[in-house]
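Data block below; observations after.
The values are calculated or read from the model by the stated rules, or taken from the named source; none is laboratory data. Quantities reported herein were computed from a predicted structural model and do not represent experimental measurements. Note that we place each Cβ from the backbone using ideal geometry, even for glycine, and neighbour counts take in every protein chain shown.
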């Protein structure tokens, strides 16, 4: 994001990059499939006809252990009946009411969907079978104010295969790290509006990635479920830890709310007009009723410096189950955040799983914590590309200089490539598509452009080949003019720095009326 920071160096105090909210999932892999579960029962000496009693006894162990934890802490277990209730708000309210500031804050229980096993009768085979599927069972939420990690919770499934989730916040963790290092800061909710030494704080944030995650997460699980070790004493089945969802945030700290307020509308306009977002100007996902200038029912973030939009304005771009969004927080923080739920389209340079000394190659990015470093790098690169795309909004270079050479034919690998005509509907549509905000995440493929430019309902193979060749010629033209580049060892492309500047300028000029163009000139 060097281009963005150079552009606004006088207005920016510093920048902080790192995880915001991370949700880990602990899975007992042997028990995650029917074959493995049958193997486990065989080793435990449990017949299928006794499975229900065996599973109920294991669940009862967890319930009794949880009751003992609550009793030792001098509190009860609070049942949450409504699925729409915010458990985090309930936990914070209970802790505040009881005056608990450290350690176990409270334990909540709730009946929720889960993947589990049941015994079914096969009438054709005249035998009973173990079947997996979605059920409902009791879950426990253990909320902690951890001395090292800050506010977090552990969610425990009380029925086989006893999956567990751990949700923590990198900003909360950083606050504890800065307290220990005696770094001054001003924190509002989950962001820092001021940090005495941003460089040192970033170093502490980077240290989080060097954590022994299995050891840390196992210790939290043992604390929440002390019965687990005894339950699997005869046949140990460790947890495999993966990242179910991660939010990697880049917080740009501005010197004053006014400096950000002057720039932010232009960036929102850039996102709407030039990045092709399908979902913009959403006020934190809810409708806010205004009455006499007050927002009495609003329970989200309030920025008092921006009274015309007190809850902040967000622009979000989605691709599959991943997204990148930008919003202003606490008046003076510009946050760009990449959220990853699905990493199948991403790659990491590693050996095959189970062969640590084998040959390395670019393979799919796993959800396991072993690839957490690569997940962080992919997310950081996504944020940087998005911020650099914002830098061109304030660029003073003339449009003629930016698009010089684009409207003339050029050469690509010894062959002539036609000129670009940004005023024609076809070429303008092509530029709009490749500049979509969701492609900032991990680029675009021939298939992505084909579906957007030619339609997604084509089933004839010959028609698909013709459309693919048509898109290939478009990509060749954009590469020849230096607007896009191929991502190494993939079939994906992304905009170059020149492409970002030129396409943003061209699309902005197309969207402006004559009066605006004359005023700008």
Which of the residues that make up region 233-250 are free of Cβ contacts under 8 Å to residues at least 24 places away in the same chain and either assigned by TED's automatic domain parsing to the domain that holds residue 342 or more than 26 Å from residue 371 (Cβ to Cβ) (or both)?
233
In this structure, does residue 419 turn out to be free of Cβ contacts under 8 Å to residues at least 24 places away in the same chain and part of a loop (DSSP other than H, G, I, E, B)?
yes
Can you say whether residue 404 is at pLDDT 90 or above, not in a helix (DSSP H, G or I) and not assigned by TED's automatic domain parsing to the domain that holds residue 262, as far as the supplied structure shows?
no
Selection status of residue 227, on the phi < 0 side of the Ramachandran plot and in contact with a helix residue (DSSP H, G or I) (Cβ under 7 Å, 6 or more places away or on another chain)
yes
Within region 112-120, does at least one residue satisfy the condition of being in the same structural domain as residue 50 (by TED's automatic domain parsing), touching a helix residue (DSSP H, G or I) at 6+ places or on another chain (Cβ under 7 Å) and touching a residue at least 40 places away in the same chain (Cβ under 8 Å)?
yes
Tell me, which residue of region 316-375 that is part of a helix (DSSP H, G or I) and in contact with a strand residue (DSSP E or B) (Cβ under 7 Å, 6 or more places away or on another chain) is surrounded by the fewest Cβ atoms within 10 Å (Cβ to Cβ)?
374
Selection over region 86-102 where residues are surrounded by 12 or more Cβ atoms within 10 Å (Cβ to Cβ) and without any contact (Cβ under 8 Å) to a residue 60 or more places away in the chain yields a count of 8
Is there a residue in region 422-434 that is outside any helix (DSSP H, G or I) and within 36 Å of the chain's Cα centre (by Cα)?
yes
Select from region 193-231 the residues that are in a loop (DSSP other than H, G, I, E, B) and free of Cβ contacts under 8 Å to residues at least 12 places away in the same chain and write down the one among them that is nearest to residue 39 (Cα to Cα).
212
Restricting region 483-521 to residues that are touching a strand residue (DSSP E or B) at 6+ places or on another chain (Cβ under 9 Å) and surrounded by fewer than 16 Cβ atoms within 10 Å (Cβ to Cβ), the one modelled with the lowest pLDDT turns out to be 489
Considering only residues of region 154-163 that are part of a strand (DSSP E or B) and in contact with a helix residue (DSSP H, G or I) (Cβ under 7 Å, 6 or more places away or on another chain), which is nearest to residue 204 (Cα to Cα)?
154
Residue 52 vs. criteria in the same structural domain as residue 130 (by TED's automatic domain parsing) and surrounded by fewer than 14 Cβ atoms within 10 Å (Cβ to Cβ):
yes
Look at residue 24 and say whether it is surrounded by 12 or more Cβ atoms within 10 Å (Cβ to Cβ) and farther than 30 Å from residue 133 by Cα.
no
Filter result for the condition that a residue is more than 16 Å from residue 221 (Cα to Cα) and part of a strand (DSSP E or B), over 166, 111
111
Answer yes or no as to whether residue 56 is assigned to a helix (DSSP H, G or I), out of contact with any strand residue (DSSP E or B) (no Cβ under 7 Å at 6 or more places or on another chain) and farther than 16 Å from residue 142 by Cα.
yes
